[in-house]
1. Which of HIS71, HIS78 has the fewest other C-beta atoms within 10 Å, and how do the rest follow up to the most?
2. Please give the length that would be gained between TYR28 and ASN60 if that part of the chain were fully extended, namely 0.36 nm times their separation in residues minus their C-alpha to C-alpha distance (nm, one decimal).
3. Report the percentage of all Cα-Cα pairs in the stretch 26-89 whose separation exceeds 16 Å, rounded to a whole percent.
4. Taking R0 as 41 Å, what FRET efficiency do you get between LYS8 and GLU52 from their Cβ-Cβ distance, rounded to the nearest 0.05?
Amino acid sequence: MDALPFCKVTLRGVRCLHGPYFTEKKGYPATPKTVGEAIRKRRLDLGLKQTEVAKRIGCNELTVVNWEKGHTAPRVNHLPGIAAFLGYNPLQSGETSAARRMARGEPIPIESPYFCHPVLTHKMPVKD
């Protein structure tokens, strides 16, 4: 696009390499607090695309997107691939998914046939 209709001069310039446009990456987590943020930081450090990370971890591309955006947390079967990609175990501090859910105030699903509601008074079956 020309500067003015009667002037055929176009302004061009190089931005300073030390300015905020080159030093800051949009959405770059400086101190990751979740597994998804740690994956995003490592991916941006390596200059990889989300599809490449998904292949390395062994999951779907949209799964990586959801982890990075914080919509979902990684399942247990993906943790070995995530640990290999990050170079460390992201849950090494002893944190469990149940503890994370309790901290966020989410209900903890109990998938046990012997779970009874606290209001009910029937006895649980005993295994021999």
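Every number here is computed from the coordinates shown, using simple stated rules; none is lab data. Predicted model only: the values in this text are computed from it and were never measured. Positions of Cβ are backbone-derived with ideal geometry, glycine not excepted, and every protein chain shown enters the neighbour counts.
1. Neighbour counts put them in this order, fewest first: HIS71, HIS78.
2. In short, 9.3 nm is gained.
3. The share of Cα pairs beyond 16 Å in the stretch 26-89 comes to 34 percent.
4. In this case the efficiency is close to 0.40.
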